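All remarks here apply to the structure that follows.
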Ligand SMILES: Cc1cc2nc3c(=O)[nH]c(=O)nc-3n(C[C@H](O)[C@H](O)[C@H](O)COP(=O)(O)O)c2cc1C
């Protein structure tokens, strides 16, 4: 089995990847998408989006990190992928699932699922351009408006030369509306010869067991569930290793909240980033933990980082 932390632009940046992979359970993670338009990104840009590149493509805890690209111009994507590799990247993933209207307007992300031939061309072009030892994978949704091209797109990705395929089990039009159609991941898994990673709506250990059964996949990708319940991957790992599952109590989670804030401050102390990111994360965790609501309420009106740090120090949940 394998657990992968999903790419989530604006939510799982390098600091969140660092934190969640320290907590444990993950085998791999994927960067937020790096958008490719007409230029070739410079080294500082790659390192801004994926600082792990400078650390041997690993998070602080040593978990491998893949660089995700989003674009539609195969040649330019290949030129960018080669630059990323020149600066140290060793795994590239291609995004064929982003639903954002601005991205789709520029022919990137999920809109490409209307044209399996273009998907094939992009994968094939990158596979041909990249050195053999650089892994190339892709991530797709089940389609744009409907699922009629799901298998064709998956086959295009496999025939283009990708070595793995993550499937978010919804169409673009379905957005993030439950349910995720895990049975479709099974259909794709049965159709292609490369490993398929099942993704969508795994929020609990029970969901993990259900997605494995329904999709037949051994590799599972966790997105929002891993942010809302930061020890979800660790619980799954404990379960699959046959040990007792020990859910984190809120005292432990409070330690992670303080660590997260310190890591955000270490990255960018002089702007709104640390406080904004902390509020964003608490906003998600409070759907699972009533104590997170308490912490959220305690800092909601605070704007300055030192005030927030003082407030965080005062919470005790032992
Ligand atoms: C805020 C947000 C940002 C996302 N950004 C990306 C991204 O950069 N690349 C990508 O392939 N998928 C992205 N996704 C999709 C997720 O990787 C994942 O496929 C989706 O959230 C379903 O999994 P989940 O139900 O476990 O969250 C994003 C999802 C969310 C909610």
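With the requirement that a residue be under 17 Å from the mean Cα position of the chain (by Cα), without any contact (Cβ under 8 Å) to a residue 60 or more places away in the chain and part of a loop (DSSP other than H, G, I, E, B), what does the stretch 91-108 give you?
100
Give me a count of the residues in the stretch 206-239 that are within 13 Å of the ligand (Cβ to nearest atom) and either at pLDDT below 95 or not in a helix (DSSP H, G or I) (or both).
5
Of all residues in the stretch 240-257 being in contact with a helix residue (DSSP H, G or I) (Cβ under 8 Å, 6 or more places away or on another chain) and loosely packed, with under 15 Cβ neighbours inside 10 Å, which is nearest to residue 293 (Cα to Cα)?
Here the residue is 247.
Tally time: how many residues in the stretch 91-106 are in contact with a helix residue (DSSP H, G or I) (Cβ under 9 Å, 6 or more places away or on another chain) and either under 16 Å from residue 163 (Cβ atoms) or crowded, with 20+ Cβ neighbours inside 10 Å (or both)?
7
Quick one: in the stretch 187-205, of everything that is away from the ligand (no atom under 13 Å from the Cβ) and farther than 16 Å from residue 1 by Cα, which residue is surrounded by the most Cβ atoms within 10 Å (Cβ to Cβ)?
188
Would you mind stating whether residue 152 is surrounded by fewer than 21 Cβ atoms within 10 Å (Cβ to Cβ) and within 23 Å of residue 50 (Cβ to Cβ)?
No.
Listed residues 72, 137; which is touching a residue at least 12 places away in the same chain (Cβ under 8 Å), touching a strand residue (DSSP E or B) at 6+ places or on another chain (Cβ under 6 Å) and surrounded by fewer than 24 Cβ atoms within 10 Å (Cβ to Cβ)?
Testing whether each residue is touching a residue at least 12 places away in the same chain (Cβ under 8 Å), touching a strand residue (DSSP E or B) at 6+ places or on another chain (Cβ under 6 Å) and surrounded by fewer than 24 Cβ atoms within 10 Å (Cβ to Cβ) leaves just 137.
List, please: which pairs have Cβ atoms under 7 Å, are six or more places apart or on different chains, and start with a residue in the stretch 214-226 that is touching a residue at least 60 places away in the same chain (Cβ under 8 Å) and end with one that is surrounded by 20 or more Cβ atoms within 10 Å (Cβ to Cβ) and part of a helix (DSSP H, G or I)?
220/208; 220/211; 222/232; 222/233; 226/20; 226/232; 226/233
The values are calculated or read from the model by the stated rules, or taken from the named source; none is laboratory data. Since this is a predicted model, take the numbers as computed values, not measurements. So basically every Cβ, Gly included, is an ideal-geometry build from the backbone, and we count neighbours across all protein chains shown.
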